[in-house]
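The values are calculated or read from the model by the stated rules, or taken from the named source; none is laboratory data. All values derive from a computational prediction rather than experimental measurement. Ideal geometry is used to build each Cβ from the backbone, glycine not excepted, and the neighbour counts take in all protein chains shown. SASA here: full protein model, heavy atoms, side chains in, ligands and nucleic acids out. Shrake-Rupley method; radii C 1.70, N 1.55, O 1.52, S 1.80 Å.
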Amino acid sequence: MNNINFNNFEEAGQAILKFLSQRFGFKLWMITRTEGDDWIVLLSEDNGYNVKPGQVFHWADSFCSHMVQSNMPRIAPYSPDIQVYADAPINHLVSIKAYIGQPLYKEDGSLFGTLCAIDPEPQPKILVEDAPLFELIAKVLSYTIQADMKAAEYIRKAERFEMEAMSDPMTGLFNRRAWDELIIKEEERCKRYGHPTAILMIDLNDLKITNDTLGHAAGDELIQRMALALKNTVRSNDIIARLGGDEFAVMTIETNLEHAKKLASRIQNTFTKVGISAAIGFAMRNPTFGLAEAIKEADAKMYQNKVMVKSSSH
């Protein structure tokens, strides 16, 4: 690994996995992230299990969940000797006879994910003597992840500053072109770090009626009021865009399903207080399908909500 320079966590992580695979064998080495019930593969060095980055497993089924939550052994040269590992549901998916696992941490001390390895054959018991090395590598990876995530936040801010030229003149929000570019950039980060992201699609009801009955100035004022309501409700690091006409969108980063539901509810409550009627649909990014699919799902839910509102008003 001499004379190798790493530009980011992804490059460093892949090099570490390759080094560990060459040094210790094991058919699969992974760096993962945990989010709720999901155990997301971020990077892998696979020589037999056919596990690829982006795959999602059930966290509670894994050896790693027991290693972290129940303080089970981090090195198991013959994992069936440990009853909790022998009983783990992941054994029904793949054959595992040896295991190595180390927790990876965020800056605040909470769990980010794991560095782990599995093999279908028992491994030498002397492997436990390398515990300090695995622990050191996990600490280095944790630090690299933390530094990279900090850098990503600065990059996000710089991107938004650059995109300010692509704003909707009526509302000051990002326009569709900026939204599309920011989605592409965030999807790359989602793939790298595995962080959960929610998309909200919002459609203003009755804009045409307002324009037809009260005039376009009243319609413009309604759009501006909606934009202001959104700005006052979402977090400062959330992305808000006016995609055109009466259609708005929000991307909220590092958020889970519960918080996304609460945000949608807060937005709807704010609209009600300021006399705005709008349909909202939201969806979480699925690591397998990405943000593009989340946008489609949120849009479909928004349309369903709009149909329900119209049918109930008749």
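If you go through segment 216-249 and keep only what is of a type outside the set (Asp, Glu) and in contact with an Asp or Glu (Cβ under 6 Å, 6 or more places away or on another chain), you end up with just 242. Close contacts from segment 285-303, counting a first residue that is at pLDDT 95 or above and a second that is buried (at least 18 other Cβ atoms within 10 Å of the Cβ) and among the charged types (D, E, K, R), with Cβ to Cβ under 7 Å and a gap of 6+ residues or different chains, come to 291/186; 291/285; 294/285.
Residues that are touching a Lys or Arg at 6+ places or on another chain (Cβ under 6 Å) and in contact (Cβ under 8 Å) with a residue 60 or more places away in the chain: does segment 176-189 have at least one? Give the steps one after another, and end with the answer.
Start the filter on segment 176-189 by keeping residues that are touching a Lys or Arg at 6+ places or on another chain (Cβ under 6 Å), which leaves none.
So far as segment 176-189 goes, no, none of its residues is touching a Lys or Arg at 6+ places or on another chain (Cβ under 6 Å) and in contact (Cβ under 8 Å) with a residue 60 or more places away in the chain.
Might you check whether a residue that is closer than 30 Å to residue 279 by Cα, over 15 Å from the mean Cα position of the chain (by Cα), basic (Lys, Arg) and surrounded by fewer than 14 Cβ atoms within 10 Å (Cβ to Cβ) occurs anywhere in segment 125-143? Quick ask: steps written out before the conclusion?
Restricting attention to segment 125-143, the residues satisfying the condition of being closer than 30 Å to residue 279 by Cα are none.
Looking for residues that are closer than 30 Å to residue 279 by Cα, over 15 Å from the mean Cα position of the chain (by Cα), basic (Lys, Arg) and surrounded by fewer than 14 Cβ atoms within 10 Å (Cβ to Cβ), one finds none in segment 125-143, hence no.
Restricting 45, 10 to those that are at pLDDT below 95 and either in a strand (DSSP E or B) or closer than 24 Å to residue 143 by Cα (or both) reduces the list to 10.
Only one of the numbered conditions (1) open to solvent by 30 Å² or more (accessible area, probe 1.4 Å); (2) in contact (Cβ under 8 Å) with a residue 60 or more places away in the chain; (3) of a type in the set (Ser, Thr, Tyr) is violated by residue 193, and that is (1). Would you check if there is a residue in segment 215-222 being within 26 Å of residue 259 (Cα to Cα) and either outside any helix (DSSP H, G or I) or at pLDDT 90 or above (or both)? Looking for residues that are within 26 Å of residue 259 (Cα to Cα) and either outside any helix (DSSP H, G or I) or at pLDDT 90 or above (or both), one finds none in segment 215-222, hence no. Here segment 18-53 is the region considered, the condition is being surrounded by 22 or more Cβ atoms within 10 Å (Cβ to Cβ) and more than 21 Å from the chain's Cα centre (by Cα), and the residue that is nearest to residue 105 (Cα to Cα) is 29.
Any residue at all in segment 55-65 that is within 24 Å of residue 145 (Cα to Cα), open to solvent by 80 Å² or more (accessible area, probe 1.4 Å), part of a strand (DSSP E or B) and free of Cβ contacts under 8 Å to residues at least 40 places away in the same chain? Yes; the residues of segment 55-65 include at least one that is within 24 Å of residue 145 (Cα to Cα), open to solvent by 80 Å² or more (accessible area, probe 1.4 Å), part of a strand (DSSP E or B) and free of Cβ contacts under 8 Å to residues at least 40 places away in the same chain. Taking the numbered list (1) buried (at least 18 other Cβ atoms within 10 Å of the Cβ); (2) in a helix (DSSP H, G or I); (3) of a type in the set (A, V, I, L, M) in turn, residue 117 passes all entries but (2).
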